Structure formats: C-alpha cells, structure tokens
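Undergrad: Structure in structure tokens, see below.
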Amino acid sequence: MRDLAFILFFFIIIFVSYRKPFIAVSIWLWSGLFVPVYWLYGFAESFRYNLIFSLFAMATYLFCRNKPSIRFDSIFFLIILLLIHTTITTTTALIPSGIPWVVWDGYSKVILLFIFITLTMRKSHHFDMLIWAMVLSIGFFALVEGLKFVKSFGGHQINGPAGHILADNNHMALAILVMLPLVVHLITVTPEKWLRVGLVITIFICVLAVLGTKSRGGFIGLLFVGLYFFLKSKRKARTLIALIPVLIVAINLLPSSWYSRMNTIKTADEDSSFEARVVSWKIHTLMALERPLLGGGFKGPQYAYVWRSLALDFDELNFIPSAPAGDKPWAAHSIYFQVLGDHGFPGLTLFLLIIILAFLKLSSVEKYFRGSWQSNLARMLKVSLVAYCVAGAAVSMAYFEMFYVIVGMVVCLSILQKDAEDAKIPKRKGAMTGRKIGKPVAVNRKSAVQSKEEFKG
C-alpha cells in the first residue's frame with residue numbers, strides 16, 4: 001500500500017513540476033536527501049528516484065521558455081575550478097581507479113545540482129521551495145527520530161537512513177544543524193499561522209534530535225549555532241525565552257551516558273576517538289606534503305598501503321602530540337583535512353576561498369537588501385555556513401550536497417544584488433559609450449530584480 005501511494009505521489013510531483021524548473025530542481029534535491037527507497041519495501045523500491053528526478057529537472061529547464069537569464073559570479077567559477085582540479089587528482093590518484101572515480105561520479109552530480117540551482121533560483125518562492133525540500137527530507141527524518149527519542153525518554157540512538165552518507169550519527173547531526181537556520185527563515189516568510197507553529201515545533205524537536213545523535217561534534221556545533229544566532233538576533237530576550245523549554249526537556253530526557261560522553265570533550269587528549277582523529281589529520285597532512293599539488297585523490301590517504309607508507313614519515317609531525325599511526329586507516333574526520341589529503345593545497349585553497357567568499361557575499365546581500373526577504377535569507381544562510389564549518393571540522397563531509405546547495409543560493413542572491421545595482425543606473429537610449437548619465441535614481445528593488453516575464457515562471 002505504501003509503495004502504491006508513493007508511486008501515485010511520484011506522478012503528481014512530475015505533473016506539478018512540469019515546465020517549472022525551480023520545482024523540479026527542488027524535488028531533485030529532496031529525493032537525494034530523503035532517500036525514498038529507505039521508506040519503501042515493495043516493487044517501488046527498485047527505482048532510482050534521484051536519477052529520474054535529476055534527468056527530469058534538466059529536461060524541464062532545457063525546454064522551459066521563460067527561463068531566468070544565465071548569470072554567473074566568482075563563486076560559480078571557483079566551484080568549476082574545484083571540479084576540474086578534483087578531476088585531475090582523480091586521474092592521478094594513488095589507489096585503484098575504481099574507488100576515486102566512484103566518489104568523483106557522486107561529487108560531479110552534486111556540482112551539477114549546484115549549477116542548476118544557480119540557473120533557476122531567482123524569486124523568493126523559488127528559494128522557499130528549495131528550503132522546503134530540505135525541511136521535508138532532513139527535517140522530516142529528524143522529526144520522526146526526535147519523537148522516538150522523546151518517547152524513549154532519551155534512550156533512542158538517532159542515526160540517519162541506512163546506506164546513506166547520513167547514516168552516521170555525526171553526519172546526521174551536521175545535516176540537521178545546517179537546516180535549522182533555514183527553518184527560521186521559513187517562519188519569517190510563511191503567512192499561515194498554523195504552518196508557522198508547526199515549523200517552531202520542528203525546530204524544537206530537531207534540536208533534541210541533534211542531542212539524540214549523541215554526537216560531540218554536533219553538540220559543539222549546536223552551541224556555536226545557538227551563540228551565533230543569539231549574537232545576531234535583534235530580539236535577544238525572545239530568543240532566550242524560546243530556549244528555556246528546550247533546556248528543560250533536554251535536561252529531563254538526556255541519560256547519564258550522554259553527559260558522560262559529552263564530558264570527554266574536556267579530556268579530548270585522553271579520548272581514543274579524538275586521538276584517532278588527530279592521527280588521521282596528521283596522515284592527511286603528510287599526504288599533502290608528499291604531493292602538495294595533487295594529494296592522493298578521493299579517499300587516497302584512507303587506503304591501507306597508502307596509509308602505511310605515509311605512517312613511515314609520521315615522526316615529521318611529532319611536534320603535534322598523538323597516538324602512533326598504526327596500520328588501520330581512518331577517514332579524515334574533518335572537511336578541511338579531507339580536502340587537503342585528497343586534493344592537496346590547491347584543493348584546500350579553492351575550498352576555503354569558496355567559504356570565505358560566500359560569507360562576504362552574504363554580508364553584502366544582507367546589508368544591501370536590509371529589511372527584505374533577501375536580507376533575512378542571507379543572515380540565516382550565514383548561520384548555516386557557521387554550522388557547517390564548525391561541525392564539519394570533525395566529520396568527513398566536504399562533498400556533502402547541502403553545502404553546495406547553500407553556496408548555490410549564495411550565488412543566486414549575489415546575482416539578484418548585481419541586477420538590482422545595475423537597474424538603479426539609467427543609461428541614455430542609443431548611447432554607445434556605456435557611460436553613466438546623471439545621478440542614480442532609486443527604483444523599487446523588486447521590480448528592478450524581476451521583470452514582468454519572469455513572474456510567469
């Protein structure tokens with residue numbers, strides 16, 4: 001019965017998103033994060049929904065008449081450069097080619113999603129639809145698992161969907177943290193009161209879900225997100241009042257084992273898990289020092305014989321205290337060291353430039369569109385980036401699609417700002433020199449960004 005219902009839902013989605021690229025791209029994202037096959041048990045389980053939705057989204061865009069004008073910016077080109085660089089490092093990878101090319105294939109699809117986001121998202125409801133795709137995937141799963149956590153009085157261990165990158169509790173915690181600020185944005189732009197109440201409840205349960213993952217990185221990320229959000233909030237008293245119920249429920253739900261696990265943060269140098277992370281960070285650094293331009297390729301440093309080879313030079317980094325390297329390879333456990341070890345210093349430089357430029361552009365958008373939905377969205381995207389950068393320091397999620405979705409929205413907001421700035425500068429009709437004539441004339445920002453034809457989309 002569940003499979004039949006989903007197949008019916010599948011065809012409804014296809015019909016609704018026909019000739020509306022922003023809906024099709026949002027469903028593409030939703031299917032990748034929601035993992036439909038995780039919820040199905042019969043004949044419908046055999047379909048590759050994400051592939052189907054991605055192909056449909058691309059076809060919808062290509063055949064749509066009223067497409068937004070194609071515009072790019074510096075971040076877009078940095079992403080393309082990073083893809084080109086990772087292609088080169090995959091070609092020269094140190095491990096059997098089948099492994100890095102499989103990872104590259106998944107990464108290239110993430111970049112393809114990023115490209116289509118930058119091509120289709122221009123209006124407020126476009127962005128809202130994309131955010132709803134994340135809320136109805138990551139948020140839905142967190143809501144279900146969070147309720148289980150509450151029902152079990154803190155005994156339920158929250159992990160992501162099996163067989164997915166989010167199956168790891170640390171990865172799931174990061175995904176929820178990145179999504180939470182965007183739920184706050186939806187609350188500010190949603191007119192229906194009952195829907196806003198539902199979103200507030202979702203935030204409440206999702207915070208408990210982060211705690212229920214028992215992820216120390218997730219807990220640290222939650223603290224940073226809460227602090228950053230509080231400092232940037234214009235209504236600090238209301239924010240504090242909203243936190244009180246969460247704290248009361250959390251204190252009464254969390255078992256003693258949770259507090260014992262979080263207390264190990266204070267003695268990280270004595271914790272075996274943290275020690276293994278430090279060892280992995282040093283191995284990935286050695287990989288970059290050995291091949292500074294190319295690194296080891298996707299998952300290169302994690303391969304057994306590469307790990308053991310690098311461990312021979314482990315003494316070079318003795319000034320950083322850690323356990324011995326050992327023979328067992330570990331994942332990078334950090335987005336920064338993951339990129340460094342996989343793609344060398346050029347890869348890490350491009351990755352950091354993308355993050356830094358994203359923050360700078362969001363600050364510019366927030367200031368330029370002050371008091372509008374663009375400004376509020378930019379502010380919340382900054383909080384999401386903070387969550388990713390902080391929680392990502394302890395997990396191998398450098399190629400996670402939600403980060404590139406966030407960056408894609410940054411590119412689109414930057415394009416809107418450029419269009420608005422250009423529209424405020426009138427030019428003499430027929431002039432060939434392109435010089436600015438007279439003083440800038442203020443115009444309505446909404447009409448400056450969106451033409452009459454674009455509203456048909």
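Undergrad: Only residues that are buried (at least 17 other Cβ atoms within 10 Å of the Cβ) and part of a helix (DSSP H, G or I): list them for the stretch 71-87, please.
TA: I75, F76, L78, I79, L82, L83, H85, T86
Undergrad: Identify the single condition in (1) closer than 30 Å to S375 by Cβ; (2) in contact with a Leu (Cβ under 9 Å, 6 or more places away or on another chain); (3) among the hydrophobic types (A, V, I, L, M, F, W, C) that L211 does not satisfy, given that it satisfies every other one.
TA: Condition (1) is where L211 drops out.
Undergrad: Here's another thing I want to ask about it. Hey, among R291, R261, R235, which residue is out of contact with any Ser or Thr (no Cβ under 7 Å at 6 or more places or on another chain), at pLDDT 85 or above and among the charged types (D, E, K, R)?
TA: Being out of contact with any Ser or Thr (no Cβ under 7 Å at 6 or more places or on another chain), at pLDDT 85 or above and among the charged types (D, E, K, R) holds for just one of R291, R261, R235, which is R291.
Undergrad: For residues that are within 15 Å of S372 (Cα to Cα) and of a type in the set (A, V, I, L, M), scanning just the stretch 401-424, find the one that is surrounded by the most Cβ atoms within 10 Å (Cβ to Cβ).
TA: L413
Undergrad: Could you check K361 against (1) among the charged types (D, E, K, R); (2) modelled with pLDDT under 95; (3) within 30 Å of K123 (Cα to Cα) and say which number it fails?
TA: So K361 meets the others, but not (2).
Undergrad: Please state which one of F149, F219 is touching a residue at least 60 places away in the same chain (Cβ under 8 Å), out of contact with any Cys (no Cβ under 6 Å at 6 or more places or on another chain), in a helix (DSSP H, G or I) and surrounded by 15 or more Cβ atoms within 10 Å (Cβ to Cβ).
TA: So the residue among F149, F219 that is touching a residue at least 60 places away in the same chain (Cβ under 8 Å), out of contact with any Cys (no Cβ under 6 Å at 6 or more places or on another chain), in a helix (DSSP H, G or I) and surrounded by 15 or more Cβ atoms within 10 Å (Cβ to Cβ) is F149.
Undergrad: Residues to consider are P68, P100; find the one that is assigned to a helix (DSSP H, G or I) and either open to solvent by less than 30 Å² (accessible area, probe 1.4 Å) or of a type outside the set (F, W, Y) (or both).
TA: Unique residue meeting the criteria: P100.
Undergrad: Here is a follow-up. Within the stretch 117-140, is there a residue that is assigned to a helix (DSSP H, G or I), in contact with a His (Cβ under 6 Å, 6 or more places away or on another chain), under 30 Å from A209 (Cβ atoms) and among the aromatic types (F, W, Y)?
TA: Within the stretch 117-140, none of the residues are assigned to a helix (DSSP H, G or I), in contact with a His (Cβ under 6 Å, 6 or more places away or on another chain), under 30 Å from A209 (Cβ atoms) and among the aromatic types (F, W, Y).
Undergrad: What number goes with the only condition from (1) more than 17 Å from H156 (Cα to Cα); (2) among the small types (G, A, S); (3) in contact with an Asp or Glu (Cβ under 9 Å, 6 or more places away or on another chain) that G217 does not pass?
TA: (3)
The values are calculated or read from the model by the stated rules, or taken from the named source; none is laboratory data. Since this is a predicted model, take the numbers as computed values, not measurements. Please note: Cβ atoms are built from the backbone with ideal geometry, for glycine as well, and neighbour counts cover all protein chains shown. All accessible areas refer to the heavy atoms of the entire protein, side chains included, with ligands and DNA or RNA removed. Shrake-Rupley method; radii C 1.70, N 1.55, O 1.52, S 1.80 Å.
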